[in-house]
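Just below is one structure, and these are the notes that go with it.
What follows draws every value from the coordinates through simple rules; no lab data is involved. The structure displayed is predicted, hence computed values, not measured ones. No Cβ is skipped: glycine too gets one built from the backbone with ideal geometry, and neighbour counts run over all protein chains shown.
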Amino acid sequence: MVSSKPLLKINAQFVAIAHTLCSSSAFIAAFIIGYSLHFEKIVRNEYYGYPDEWFPSVSATIGDRYPERSIFQILIALTSGPRFLLLFFTYIRLFRKDSKLPNIALFSGLIRTVTCGGWVYITSTDNHDWHDIFMISYIVLTLPWNISILKLTPPRTSIHKYRKLTSYAFFGTLIPLIYLFIQHKIHHLPGSYSYYAYCEWLLIVFDILFDSWSIIDFKDLTLEINPTEQNDEYFALTFNITSNNNSKYENYNDNNNDSIINEKSLNDKFIPKSTDSLNSSYIQILINVINAYMFWSIYTSLYLLVWYFPLWFMGISGFEVVIVSTMSPVLLLNTKIRNFSFNNPNKLRIYGCIFGIGSCFISDPICRLLSVSVGNAFAFISLGTEVSLIASTKSIDNIKSYATTFMLGLTLSSISKFAFWTNNPVWPILNSKTGGLNKIGLLIGLLSAYYTYIPGKVNFKTDKTLESPKTSILPVAIGVGSYIFSLHAMLTDTSVIILWVWDGYPITGPVPVPYGAVTLTVMCIGIYAGLYNSNYYKLITIIGVIGSIILYLFHGYLGYFGGMLYTFWLSYIGPIVFHQLSLHYINIGKVLTISTLVTIIITLMHVWVVAYAFVPGGPLLRERTDIVLGLSVLAICLLILNIPKSNENSNESIIDKKSEKKDTNTKKTFKLSKFMNIIISFLLLSYIIAFNRFQYTTPKPYHPKSRLVTAGIWTIHFGLDNDMWASEYRMRDLIRDAELDIVGLLESDTSRIIMGNRDLTQRIAEELDMYADFGPGPNKHTWGSALLSKFPILNSTHHLLPSPVGELAPAIHATLDMYGTLVDVVVFHSGQEEDEEDRRLQSLYLQELMGSSDKPMILLSYLVVNPLEGNYNTYVSEKSGMHDIDPSDDDRWCEYILYKKLKRTGYARISRSSITDTELQVGKFVVPLPGEINEDYSNNKVPEVWINQDKRFPDMFRGEGVRDHRYHVFEEPRYFI
């Protein structure tokens, strides 16, 4: 028997009100108390305090001080009850029996609540890493929570509009938040953290506001608890939830004469159903773009990690074998693996992210390489699986969409590298100490993989309708392989083509900033043009071929113009290439196996052109970039020209003019505007990055009053330290602490596939406010020499010294304006030890070069010679006019500093720590006044006390030094008079 009177009756609206009041009062109370009691303490951060910073971050306000921390934690604990009830009532209100979204909302909401407790009760002071992990997880989980709620809320209603605007405001605030965090954390800009705090507090406001709209949503939702009398002593309880739908969603009219929406009509009208379109929503497009970004991040990191091993072995190491993981589509030839892959495309993406992006948590270089190779294998199996599934839908729209998102993922990876000084922030050579965003990348990658929607189902029954076209798969396979190589080699970083046409000073061509944004613009325009209309593929191919020839033959702006034609072509033909690949989707394992084999072969050729001295058969491809570029372009052209006429005129052809005009279904489903908006967002982001990175200040030397120049030479081993982590941060810090006005960097050309297509000079030059000359570009086939300078570089000439047998020897001959006096600086890397004739010819060439200048000069070099022996006497000779900075230092073999017509005052050797295998050598010189000449080359050493303070070397490197950098060999600097 049920009692007529409810034991308890709750309007769900009060739960939403309680949640809003408790959560907002917790933050408001903490802010007011903290601002009143500990203002200067909570606005202080690791770099600045008041008045440079004036507004506290959320973390500092709620977690750093008593009593605000305790009051906040009490109030936020009171929020937990209403919070879980809010999730429960939201699930009831928005439940749809034929949709997974209510379950997704409930699950993400519960986990999100737990992560909230994580960053609330584990403060940044307690454990900074876990605080950040929970905070990032909370923000990431807000995405499925908000999306699910928005999808389930009926459109064209007030509450849907309010929730949508609040959600847009939340995620829109993340853009300036990230920008300002970079300004604070990397650029150390005063005040940036206060502006960052504004954005952080806005996120709190928008987050609470999004859930507070449930106050409106729940006004007709009631929970009743009724006792049921069992006997005279005991009662059971029954729960009834009632809802008056007549009063709900009053602004929506399902038809013109009925404003009542029942559950069935809501399900039929609003719940997303399975669709065969890949571009049905912004979210799905972005998910596919992120998946493609992860693919390119994993794939480009593989060769970079492989390079570490032959670098240390000085030849083939054996670890190169892991590049065969790229041929993993061969596994699709196995029926069981193929069936598993086609039934679980999401799992392949998840495994790829775990092994590829997650490898950053592995410290051992060998294990990290193996992990990335496994991730790379899953990435390529995913590619083949998704192409097959999409192709099976017979939808041109889906093929175009997938190709476009694949190219946009490539563009996004280039944008991220543009923002992070040519390093991809989720690469496994980065970590939290070197500017990596690996944790965030892994979380986003896993979520994106989980929510990936791939339409289609491949049926492998032996039916004639499922047979591949009668055309040969060979031109398609070779063309696709060449296309992947070309994208990898030339478009995975915005600076590659710019460095191909770089000629030094005075500048006669583009520079990485801001012209990186121009390269990205051309990529985006090409992608959109190929999406919008692919009919002109033959004409664009001719233009692209011409562009590649101009890029190869010319430098400066003309060469860059050719490079942009080439870039436009590669970006434009993405849908064409994927369509031709999709025609063979039944044989996708065979086609992609051949394709990836071609990719590997051309990539090795790309390596051989510069590594010819260390690899078998190397001389056959010595300095033959023309062959590699020409072969890759020709193979793509054969794919384009091999498109049969029957396919051109077919209704299923992606390039058929008539079908594009008449296919109304394509017009309806193919939402160009969605892709256009994403592309515009990419362009705006690129311009913001270019504006932010542009150097607006003029570099200044450290000791202008003394007319002092501190010069260094360092062989940096391509920016990978001894443990396979990126070393730019540590290099920057040592160059700064040593107060180097000019520094020559050797083994610095990383702008090729095996080094990750990076430019090590960009971050160091920008953050230390220096001019940079990259030296001979990646198409000059050297291991690289670079010059960074606090003094204006008036002119620089790049030289390739005679190398009939061994590796090419690069040199930069630059003229600098040092305090009004013209001083020449030469940065030089000679050939290897085994090639004596090469080194002899190079010494004669450099002797002539140095002797031809009557200006003061500094040589920063890698000579491979014993002091006072052999070729040393060619470099240091009457004809060259050069003098050794310290002839008594008999412990040298590689690095030497020579000079003439300058007053040498000091010389030091600073240990490298684990950055590389070569120390940093530093010399100090006084620059004569214009017209004066210093001819005093006495080697008399003097005590340090005889030297003025501003001419001395830093004390921080004495004894144990700092960060494992210290004066060594002769343990303290030497001074001369």
Check: Taking the highest mean first, how do the peptides 91-101, 153-163 order by number of other beta carbon atoms within 10 angstrom per residue?
Finding: 153-163, 91-101
Checklist line | Rounded if a/c under 1.5, otherwise prolate or oblate - segment 704-976, Cα gyration tensor axes | finding: rounded
Margin query: At R0 = 30 Å, how high is the FRET efficiency between residue 95 and residue 8 if r is their beta carbon distance? Nearest 0.05 is fine.
Written below: 0.85
Item checked: Label point distance in nm, residue 840-residue 164, each placed 7 Å from Cα along Cα→Cβ -> 8.0
Item checked: Given charges at beta-carbon only (K, R positive; D, E negative), |dipole| of the chain in Debye -> 3820
Margin query: Charges at C-beta only: +1 for Lys and Arg, -1 for Asp and Glu. How large is the resulting dipole of segment 704-976 about its Cα centre, in Debye rounded to 20?
Written below: 780
Next item on the list: Measure off 7 Å from each Cα along the Cα-to-Cβ vector at residue 795 and residue 866, then give the distance between these two points in nanometres to one decimal.
Entry: 4.0
Check: Considering segment 283-692, what Rg and Dmax in Å follow from its alpha-carbon atoms?
Finding: 20.4, 66
Checklist line | Most positive-pole-ward Cα, 138, 180, 158, against dipole of segment 13-217 from beta carbon charges | finding: 158
Notebook entry, point to check: From the residues 829, 802, 209, which one has its Cα farthest along the dipole of the chain in the positive direction, the dipole being from +1 and -1 charges on Cβ of Lys/Arg and Asp/Glu about the Cα centre?
Noted result: 209
Next item on the list: Of the options 811, 510, 355, report the single residue whose Cα projects farthest towards the positive end of the charge dipole of the chain (beta-carbon charges: Lys, Arg +1; Asp, Glu -1).
Entry: 355
Check: How much length, in nm to one decimal, is gained on full extension between residue 346 and residue 600, taken as 0.36 nm per residue of separation minus their Cα-Cα distance?
Finding: 88.8 nm
Note to self: Rounded, prolate or oblate for segment 675-792? Axes are the square roots of the Cα gyration tensor eigenvalues, ordered a ≥ b ≥ c, and the cut-off for rounded is a/c under 1.5.
What the structure shows: oblate
Check: In terms of modelled amide H atoms, which long-range or inter-chain residues lie less than 5 Å from the amide H of residue 976?
Finding: 906, 942
Next item on the list: Please state the charge dipole magnitude for segment 41-192, taken about the Cα centre, from unit charges on C-beta atoms (+1 on K and R, -1 on D and E), reported in debye and rounded to the nearest 20.
Entry: 1020
Next item on the list: May I ask for the angle, rounded to the nearest 10°, between helix 365-391 and the longest principal axis of the chain, with both axes built from Cα atoms and the value confined to 0 to 90°?
Entry: 50
Next item on the list: Using Cα centres only, tell me the gap between segment 723-801 and segment 149-221 in whole Å.
Entry: 41
Next item on the list: Can you tell me which of 916-929, 488-501 comes out highest on packing, and rank the rest after it, using the mean Cβ neighbours within 10 Å?
Entry: 488-501, 916-929
Check: So how do 332-338, 305-311 stack up, highest first, on mean other-Cβ count within 10 Å?
Finding: 305-311, 332-338
Next item on the list: Determine ³J(HN,Hα), in whole Hz, for all residues of segment 565-578 in sequence, where each value follows from phi through the Karplus function 6.51 cos²θ - 1.76 cosθ + 1.60 and θ = phi - 60°; x replaces Gly and Pro.
Entry: 4, 5, 5, 4, 4, 4, 6, 5, 8, x, x, 5, 4, 5
Check: Does segment 25-172 classify as rounded, prolate or oblate by the C-alpha gyration tensor (a ≥ b ≥ c root eigenvalues; a/c under 1.5 gives rounded; else a/b over b/c gives prolate, otherwise oblate)?
Finding: prolate
Next item on the list: Figure the gain on full extension for residue 361 and residue 80 (residue separation times 0.36 nm, minus the Cα-Cα span) and round it to one decimal in nm.
Entry: 97.8 nm
Item checked: FRET efficiency, 1/(1 + (r/R0)^6) with R0 45 Å, evaluated for residue 696 and residue 970 via beta carbons -> 0.65
Notebook entry, point to check: Can you give the extra length, in nm with one decimal, that the chain gains between residue 949 and residue 535 once fully stretched, where that is 0.36 nm per residue apart less the Cα-Cα distance?
Noted result: 141.9 nm
Check: What is the spin-label model distance, in nm, from residue 958 to residue 205 if the labels are put 7 Å beyond Cα along the C-beta direction?
Finding: 5.4
